[in-house]
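Notes follow once the structure below has been shown.
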Amino acid sequence: MLDERGSGRLVVTPPDRGLSWSDDDQRIFVGHAAAWAQVVATFVDDLNAMVREVPELRGYFDDEAAVERHRLQAASHLQGMLEDPRDPVPRLRSHQVGMAHIAAGVRPSWYVMAYNRIFPAVHQLEGPDVALPPLALIRRRWLWDNCVTLDAYHEELDRRAGTDPLTGLANRRAIEGAVLAGGRGRCALALLDLDGFKSLNDRLGHVHGDEVLSQLGRALNRAVRRSDLVGRLGGDEFCIWMPDVSAATVTDWCRRVVGALPLERLGLGISAGVALQPDDGEGFAELYEAADTALYRVKRAGKSGFALVASDVVPWGHPLP
């Protein structure tokens, strides 16, 4: 998973369930590097022939230069399989191949169909003059690489299923999952509703309104703790799932977060309602209803304030009772 607020490093988990690779396996495989290079060259020739023959694939390549670039990329990927699959670098490379396929619109079935042609390439070269790695070893190395590449498809689909397309924040599905997973000790669900957004949207148009929502989403994501999860539940309603908090700390954090937002520049305000887990409920539906009730108490009291389920409404600029 990519940590956008942290180091930006991508950590790819090895698909080691049911797979194995030993130091001896690596030694044997690398010991056949020259023969493997022949396999790669034969495979890439066959792959390029397939690209030209299959209409669905041919549409991805504008000219011979694009075909040649693909040839070099495929050869580099397969040649990289000489590296130990237990190491992070080859795993990351294979994951990036999967992500490149997703970006290009390549289906997983097309990838499997194409890369399974490595075995005909192996059989084509078999003979007394070519010392190939054992076929069982090739199959395990290819399967390991294939699993990492195809995992990228699943991870990206899972990410998209839990992401709000406008802001890139978590959506309701992802927030519900975080609530279900829980956290250490008391947690909090804060609902944030923009004051004045409808008027701004009507006055300046939906394109400007969408940009404002995106700006606020980015600002929220920068303002929260690493352990928090920011989401957009729809319209101008945002939320923050905060693990390991208390009534006092969640109040302090909400003040800090709201204070970091460019609300004055945008001509907006925020009303917030917060529910605590397990005090106000366990599941998302219970917590959402409780936080929503607190939020509407803030709205009825004049907006631009904050309330816990069990506390009075406090305007942002006022001291806590």
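The values are calculated or read from the model by the stated rules, or taken from the named source; none is laboratory data. Keep in mind it's a predicted model, so treat the numbers as computed, not measured. Every residue, glycine as well, gets a Cβ built from its backbone with ideal geometry; the counts of neighbours run over all protein chains shown.
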Pairs only if they're at least six apart or on different chains, beta carbon under 8 angstrom, first in the range 99-123 and farther than 13 Å from THR42 by Cα, second surrounded by 17 or more Cβ atoms within 10 Å (Cβ to Cβ) and small (Gly, Ala, Ser); list them, first residue then second. MET99/ALA152; HIS101/ALA152; ILE102/ALA152; TYR111/GLY98
Condition set exposed (fewer than 14 other Cβ atoms within 10 Å of the Cβ), charged (D, E, K, R) and part of a helix (DSSP H, G or I), scope the range 174-210, selection modelled with the highest pLDDT: answer is ASP210
Can you name every one of the helices (runs of 4 or more DSSP H) wholly within the range 107-170 that holds 3 or more residues which are under 32 Å from the mean Cα position of the chain (by Cα)? 108-115, 135-161
By residue number, the members of the range 132-165 that are of a type in the set (D, E, K, R) and out of contact with any His (no Cβ under 9 Å at 6 or more places or on another chain) are ARG139, ARG140, ARG141, GLU156, ASP158, ARG159, ARG160, ASP164
For the range 219-230, the count of residues that are loosely packed, with under 15 Cβ neighbours inside 10 Å and assigned to a helix (DSSP H, G or I) equals 1
From ASP312, ASP292, residue being out of contact with any His (no Cβ under 7 Å at 6 or more places or on another chain) and part of a helix (DSSP H, G or I): ASP292
Over 14 Å from the mean Cα position of the chain (by Cα) and either of a type in the set (Asp, Glu) or over 27 Å from ALA49 (Cβ atoms) (or both), is that true of LEU92? yes
Return the pair list, or none, for Cβ contacts closer than 7 Å from residues in the range 158-169 that are under 16 Å from VAL207 (Cα atoms) to residues that are among the aliphatic types (A, V, I, L, M) and not in a loop (DSSP other than H, G, I, E, B), at least 6 apart or on different chains. LEU166/LEU213; THR167/LEU213
Checked the range 81-96 for anything in a helix (DSSP H, G or I) and either buried (at least 16 other Cβ atoms within 10 Å of the Cβ) or of a type in the set (Lys, Arg) (or both); matches are MET81, LEU82, PRO90, ARG91, ARG93, SER94, HIS95, GLN96
